[in-house]
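No lab work stands behind these numbers, since they all come straight from the coordinates. It should be emphasised that the depicted structure is a prediction, and the values quoted were computed from it without experimental measurement. Here the Cβ positions follow ideal geometry from the backbone for every residue, glycine too, while neighbour counts run over all protein chains shown.
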Amino acid sequence: MQVEVPCPKCGKTRMNFPRPQPVDSDIITCYHCDFELGTYGSIKRKMALFMERLMQADAKAAKKQ
Ligand SMILES: [Zn+2]
């Protein structure tokens, strides 16, 4: 799964992965400004929470119809 979290410094979503299959403890940096975005594990958690919110919003919208 492609994880995309916007960089807090420059707002871009492109990330620099240290290897093609990162492990949860790898530090992910911003591709554009080298800002440390945190570990791959923490980014995956953020992305999962974000997807969950999107799906809950979708479910609410579906109920209204
Ligand atoms: Zn950045």
>> As I understand it, the dipole of the chain uses +1 on the Cβ of Lys and Arg and -1 on the Cβ of Asp and Glu, about the Cα centre. Which of GLN21, LEU37, ALA48 lies farthest toward its positive end?
In response: ALA48
> Among LYS12/LYS46; LYS44/LYS64; LYS12/LYS44, which pairs are too far apart, with a Cα-Cα distance over 24 Å?
Replying inline: LYS44/LYS64
> By how many degrees, 0 to 90 and rounded to 10, does the Cα axis of helix 40-64 deviate from the longest principal axis of the chain?
Replying inline: 20
> Which value, in debye to the nearest 20, describes the size of the charge dipole of segment 20-64 about its Cα centre when Lys and Arg Cβ atoms bear +1, Asp and Glu Cβ atoms bear -1, and nothing else is charged?
Replying inline: 520
>> Multiplying the sequence separation of GLU36 and LYS12 by 0.36 nm and subtracting their Cα-Cα distance, what value in nm do you get?
In response: 7.4 nm
> Stretched out fully, how many nm does the piece from GLU52 to ASP26 gain, at 0.36 nm a residue minus the Cα gap?
Replying inline: 7.0 nm
> What is the P(r) of the chain, as percent of Cα-Cα pairs per 10 Å bin from 0?
Replying inline: 21, 44, 21, 12, 2
